[in-house]
Each structure stands twice: as structure tokens, then as C-alpha cells.
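The values are calculated or read from the model by the stated rules, or taken from the named source; none is laboratory data. Since we're looking at a predicted model, the values are computed, not measured. Quick reminder, even Gly has a Cβ in these numbers, built from the backbone with ideal geometry, and neighbours come from all protein chains shown. Protein only, heavy atoms only, side chains kept; ligands, DNA and RNA dropped before computing areas. Shrake-Rupley method; radii C 1.70, N 1.55, O 1.52, S 1.80 Å.
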Amino acid sequence: MNKNDIISRIIKLKEKHNAIILAHNYQIPEVQDIADFAGDSLGLAIKATETNAKVIVFCGVDFMAESAKILNPEKIVIHPDKKAQCPMAAMVDVESLGWVKEKNPRAVVVAYVNTTADVKAQTDICCTSSNAVKVIKSVKEKDIIFIPDTNLGLYVKRFIHNKNLILWPGICPTHHKIQKEEILKIKEKHPKAEILVHPECRPEVIDIADHVFSTQGMVNYVPKADSKEFIIGTERELCYRLKKENSTKTFYSLKTAICPNMKKITLQKVLKSMESLEPKISLSEEIIQMAKKPLQRMIDIGRGD
Ligand code: SF4
């Protein structure tokens with residue numbers, strides 16, 4: 001089947017099943033193009049609460065599809081490739097979190113959405129890269145266990161001085177790989193380019209940035225900015241969306257910034273999953289109830305950028 005046939009089949013199945021396709025900004029271009037909505041983790045989580053569709057086809061990594069199911073337990077949530085998993089989310093598990101909670105009995109647990117449903121169920125409030133500072137400011141307690149991204153935790157610490165943030169030794173391999181030298185080399189060739197980076201980057205990369213944004217923050221900022229050129233310090237596929245929406249501007253992506261997990265979902269897999277309505281996300285009622293509270297608390301706080 002050629003690409004056009006696949007797309008028209010997907011569109012027919014969308015109508016048949018009353019389905020919505022949600023895609024993260026790091027998905028391959030073809031998948032972004034067939035999505036009803038593309039966005040960052042928070043935008044997709046909010047969209048998942050707003051849809052009347054009966055089926056959500058989630059093109060992203062595991063924890064994102066799980067979040068859609070937690071927020072819509074009555075809907076069918078399809079994840080076209082279950083092997084599309086986030087390694088950072090796998091860096092924290094219920095047992096180890098339990099030990100740290102035991103050692104810090106007064107601490108509140110703030111979980112980056114990049115965590116599994118089981119882990120979320122053991123936490124107090126979630127955050128994304130777009131609202132982490134806002135969420136932590138909203139917490140009254142002084143001691144906060146922040147899981148799992150150290151780099152995001154270190155970034156938040158720059159704005160919050162009256163809390164004791166206990167950081168978890170997790171990282172996003174894709175963003176942690178980004179080196180300031182690679183960015184500075186591009187800057188040397190294109191001195192007028194503004195440097196935009198994601199808060200999952202290392203502190204020394206954050207230090208040389210003009211702005212630090214979530215992916216949606218970058219999408220919102222670029223059209224308003226006076227600059228015509230940008231160095232994009234996040235997963236390189238975001239440049240596809242940026243270029244599509246800002247055709248007169250130029251974007252320099254980073255060669256190494258690729259998340260292989262996000263690339264596992266293809267048009268063929270989307271079609272196959274919509275034909276069979278498999279693989280479905282399935283979570284126990286108990287986990288859904290427990291994990292929904294921290295997610296809903298985060299959604300109620302809203303965006304920070
Ligand atoms: S970019 Fe990083 S945080 Fe996002 S899915 Fe890939 S590994 Fe996980």
C-alpha cells in the first residue's frame with residue numbers, strides 16, 4: 001500500500017471508530033501530519049480530557065498514552081507500538097521511590113509526567129517541562145522529592161530558593177547528549193540565531209541559551225520573536241513543525257538530538273492499530289484512580305510558558 005492509500009484508510013477508520021489521533025511534537029513528520037492535534041506532554045494531556053472521541057490513538061511514548069487512559073478510563077486508548085517507551089520514565093520505579101519516601105516522610109512527591117502510571121499513583125502532583133516551576137511554587141511543603149529528571153530539577157532550582165528539592169538521578173538520554181560545543185559551533189556560523197533549549201538539557205547548555213522552553217513553549221515563541229533564525233536545542237523533529245508553521249524563518253537542529261523511541265511509531269503501525277484497535281492501554285481501576293489525582297492537580301494548574 002502506498003503512503004496516500006495508508007492515509008486515506010486511516011481517515012476512513014477515524015470516522016468509523018470516532019477516533020482522534022494525538023501526536024507528540026517529536027513524532028516523525030508523516031505521523032504529525034495525520035494527527036488531529038500535535039503538542040507537548042501537557043498539551044496532549046489536556047487535549048485528552050477535552051475530546052468527545054471514543055477512541056484515542058496516541059502517537060508518542062508509553063507514559064503519554066497511559067496518561068491519556070488515566071484521564072479517559074471509559075475510552076479506548078491505542079498505542080500503535082508498545083515498544084515506544086521512554087527510558088527516562090523507566091529510571092524510577094515504585095520500590096525505589098518507596099525507599100526515598102520512607103527516608104523523607106514529610107516530603108511531597110512531584111513527578112514529571114515522564115513516569116509510569118504505577119509510579120504516578122505514588123505521587124502527589126505531576127508537572128511537565130512547561131509548568132514545573134509553577135507546580136513547585138504551588139506546593140506548600142518545604143521538602144520535595146522531584147522525580148525523575150535531574151536536569152529539569154536543577155533548572156527549577158534556579159527559580160525556587162525556599163524549598164529543599166531532593167533530586168532523582170534520572171536523565172533524558174536524548175537531551176543529556178546535547179553538548180554546548182555543538183550549539184556554539186552553529187552559533188559561530190549563524191551569529192544572529194537565537195538559542196532555544198529544552199529544560200531537560202544539561203545546566204551548561206541552559207547557561208548559553210537565550211530562552212528555555214518546553215516544545216510547545218518554542219512553538220508559541222517563534223512566531224512572535226523578531227529573530228529570523230533559531231538554534232533548536234531539543235529533539236530535532238520539532239524543527240519540522242516549526243518550519244511548517246514559520247516558513248520564512250530558519251531553524252538549525254542538532255545532529256545528535258534524536259529520540260529513537262519516538263520514531264518507533266510509523267504510518268503503517270498507526271493504520272494497523274486502527275484496524276484492530278490494538279494494542280490497547282489497559283490499567284487497573286485502582287491505578288487509574290490513584291494516578292488521576294496528581295495528573296488532574298497538574299492540569300488544574302495549567303501551563304507555565
Ligand atoms: S526525548 Fe527523552 S524524555 Fe522524551 S521520550 Fe525520548 S527519552 Fe523520553
The stretch 201-231, residues that are among the acidic types (Asp, Glu) and either open to solvent by less than 10 Å² (accessible area, probe 1.4 Å) or in a strand (DSSP E or B) (or both)
229
Set 113, 135, 100, 139: member being surrounded by 15 or more Cβ atoms within 10 Å (Cβ to Cβ) and within 13 Å of the chain's Cα centre (by Cα)
113
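A quick yes/no check of all residues on (1) among the polar types (S, T, N, Q); (2) within 16 Å of the ligand (Cβ to nearest atom):
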residue	(1), (2)
174	yes, yes
185	no, no
192	no, no
198	no, yes
Would you mind stating whether residue 260 is surrounded by fewer than 15 Cβ atoms within 10 Å (Cβ to Cβ) and not acidic (Asp, Glu)?
yes
Report, ordered by the first and then the second residue, all pairs with beta carbons closer than 8 Å, sequence separation of six or more or different chains, a first member in the stretch 161-188 that is modelled with pLDDT under 95, and a second member that is more than 16 Å from the ligand (Cβ to nearest atom).
162/142
Can you name the residue in the stretch 110-138 that is free of Cβ contacts under 8 Å to residues at least 60 places away in the same chain and not in a loop (DSSP other than H, G, I, E, B) and is also farthest from residue 215 (Cα to Cα) among such residues?
119
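Only helices (runs of 4 or more DSSP H) wholly contained in the stretch 24-96 count here; list those with 2 or more residues that are within 15 Å of residue 269 (Cβ to Cβ).
Of the helices (runs of 4 or more DSSP H) lying wholly inside the stretch 24-96, those with at least 2 residues that are within 15 Å of residue 269 (Cβ to Cβ) span 29-34, 62-71.
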Restricting to the stretch 97-109, and then to whatever is touching a Phe, Trp or Tyr at 6+ places or on another chain (Cβ under 9 Å) and assigned to a helix (DSSP H, G or I), can you tell me which residue is nearest to residue 299 (Cα to Cα)?
97
Would you pick out the residues in the stretch 80-109 that are in contact (Cβ under 8 Å) with a residue 40 or more places away in the chain and farther than 12 Å from residue 166 by Cα?
80, 81, 82, 83, 84, 85, 86, 87, 88, 89, 91, 92
If we keep just the residues of the stretch 242-273 that are part of a loop (DSSP other than H, G, I, E, B) and without any contact (Cβ under 8 Å) to a residue 60 or more places away in the chain, which is nearest to the ligand (Cβ to nearest atom)?
260
